[in-house]
Amino acid sequence: MMKISMDTLRTFRNACFAAAMMFSVLGAYASITGGLEPVRMEPEAKRFMSHGLDNTEARLVAELSAQFPAGSDAGGLLARLTRSGFECQADLAAPGNYACVFNRPLAFQRVARVTTVVETEGAQVRGIRPSVRVEPAPPPPPRFQFASL
């Protein structure tokens, strides 16, 4: 039978105490600073613009048409665009169509706006028409200042 000396037990106790102190200090630091920094996901829609704005439309049509050819489920295409970072809503000017928009800030207070119009016939895709425009960035929202009394 192995005998454990008092010095060994004291060393083990001190090591456990030091580990507990280290983790409590780490926990306190994490709670004060807000914990782990959230991972910022890059929208997949930016990938279509990664090689410049000139071929964004062609890349978008090629990839989406390969996955969702004419006659396929429109709901799947709209869900894919939404997951990619587009904001989709029904096009009120053309019933049966959906307009999906993605805005990407550029330099010099400009915004690249990629609009993808999904033409549907019932629940099936009839066509995909993307367009890319570069526009001035919208002005910042107004700041309200209260009059001093």
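The values are calculated or read from the model by the stated rules, or taken from the named source; none is laboratory data. None of these values were measured; they are calculated from a predicted model. Please note: Cβ atoms are built from the backbone with ideal geometry, for glycine as well, and neighbour counts cover all protein chains shown.
Residues are listed down the side, and each one gets a yes or a no for (1) of a type in the set (Ser, Thr, Tyr); (2) touching a Ser or Thr at 6+ places or on another chain (Cβ under 6 Å); (3) exposed (fewer than 13 other Cβ atoms within 10 Å of the Cβ):
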site	(1), (2), (3)
53	no, no, no
56	yes, no, no
59	no, no, no
65	yes, no, no
70	no, no, yes
74	no, yes, no
77	no, no, no
83	no, no, yes
96	no, yes, no
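Checked against the criterion of being more than 23 Å from residue 55 (Cβ to Cβ) and in contact (Cβ under 8 Å) with a residue 12 or more places away in the chain, the candidates 106, 78 yield just one match: 78.
Right, residue 95: modelled with pLDDT of 90 or more and of a type outside the set (Asp, Glu) or not? Answer is no for this residue. Quick check on residue 114: is it modelled with pLDDT under 90, surrounded by 15 or more Cβ atoms within 10 Å (Cβ to Cβ) and in contact with a Phe, Trp or Tyr (Cβ under 9 Å, 6 or more places away or on another chain)? Considered against the rule, which asks whether it is modelled with pLDDT under 90, surrounded by 15 or more Cβ atoms within 10 Å (Cβ to Cβ) and in contact with a Phe, Trp or Tyr (Cβ under 9 Å, 6 or more places away or on another chain), residue 114 comes out as yes.
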